[in-house]
Structure formats: C-alpha cells, structure tokens
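The values are calculated or read from the model by the stated rules, or taken from the named source; none is laboratory data. Bear in mind the structure is a predicted one, so any value in this text is a computation, not a measurement. Here Cβ is always computed from backbone atoms with ideal geometry, including for glycine, and neighbour counts include all displayed protein chains.
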C-alpha cells in the first residue's frame, strides 16, 4: 500500500501558518471565523452593481468547537482545504474554511502547501461590514446569484449533525427528520 501523498497538520499548526501569511501582508492576525449561516450576500450599492459580502455573528453565532469540527471533517477527505480571507472587520481578519476538489483547478488564486494539501487565500485589504439588522440578514441573497468560493464552506447545521451523529446526514435523513418534526407539531407531541 502506498503512503498518502500528503499529511494534514493539526489545526493549531495550520492556523499558525495562516497567521504568518496574514502578518507578512500586514493583515490582522486575530480572526473571525464564518460559516454558511454567517455570510450575507447583498446587491452592491456601487454604480458597477454586482454583489457584496458582509457577515453577521449575532443571529447564528458558531459554537466554540465549530472550527475544530469543520477542520477535522475536511481533513479526513482527500480534497484541498482552503484558508480564505474575505477582508477586515475593525481590527480582525474575516475568514472562512473551505474544502472541495474543485479548488485543485484554481492554482493561480491561492498560495499552496502541497505537502499538507492546504491552500491559503489572503485576499485584499477590504473592509467587510458586520450586519446587525435582523431584517437585512433575513433578506440576504440566497438564490439567483453568482457562485462564489465561499459557497464551499461548512454550515452550522452540518456542524450540529456531526456533533449529534458523528457525521453529516444524508439528504434522505434530513428529509425524514423534517417530516417527523412536522408530524410531531401536527400531533402536538
């Protein structure tokens, strides 16, 4: 049997490498980690149009162990892991952990560590707005928008499934759970 072509580091070691890359670019090394439910796509107010990314932490705060769970789950795959910086918020870097084989074809956008099969995207020195208005977050664009790299991040719902079941649920399991919950509400149980 051939040994694996790469070996993942512990999360702490990977984060230290990430912070060194951020520091070398004079970006903040204190990090706000986002998950799918924290990301807010909105139509840009600029004359060019397009989309802007903002975030919220107030309405769906990640549990303390969310990053550990996401990294462990991603590290168990053969797909490339991406440490992706969206921008700045106050004095912190706003980042997302991504994972998908699709990133193998995106070599020019990232700094690669092929020994770990991890890549880093330090991004630009842009300010990212934190949304504190519930209505604005509820009306974020969820459909009918261009696909973005951050769409490969983990959701907090998946984190919860991994915590409860030891793995993400299959679509049919999610559907069955939804139907059972609806039936319980109808029956008053």
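If a residue has to be under 26 Å from residue 68 (Cα atoms) and part of a helix (DSSP H, G or I) to count, how many in segment 164-189 make the cut?
6
May I ask you to say which residue of 103, 55, 59 is touching a residue at least 40 places away in the same chain (Cβ under 8 Å) and either out of contact with any helix residue (DSSP H, G or I) (no Cβ under 9 Å at 6 or more places or on another chain) or within 23 Å of residue 17 (Cβ to Cβ) (or both)?
103
Can you find a residue in segment 122-132 that is at pLDDT 90 or above, within 30 Å of residue 76 (Cβ to Cβ) and touching a helix residue (DSSP H, G or I) at 6+ places or on another chain (Cβ under 9 Å)?
Taking every residue of segment 122-132 in turn, at least one turns out to be at pLDDT 90 or above, within 30 Å of residue 76 (Cβ to Cβ) and touching a helix residue (DSSP H, G or I) at 6+ places or on another chain (Cβ under 9 Å).
When the residues of segment 72-98 are filtered to those that are closer than 27 Å to residue 127 by Cβ and surrounded by fewer than 21 Cβ atoms within 10 Å (Cβ to Cβ), which remaining residue is modelled with the lowest pLDDT?
90
Among the residues of segment 13-51, which ones are under 17 Å from the mean Cα position of the chain (by Cα) and surrounded by fewer than 15 Cβ atoms within 10 Å (Cβ to Cβ)?
Across segment 13-51, the qualifying residue is only 30.
Residue by residue through segment 103-118, note down the ones that are under 14 Å from residue 77 (Cβ atoms) and crowded, with 18+ Cβ neighbours inside 10 Å.
103, 117, 118
Select, from 66, 10, the only residue that is touching a residue at least 12 places away in the same chain (Cβ under 8 Å), out of contact with any strand residue (DSSP E or B) (no Cβ under 6 Å at 6 or more places or on another chain) and closer than 25 Å to residue 162 by Cβ.
Within the list 66, 10, the selection yields 66.
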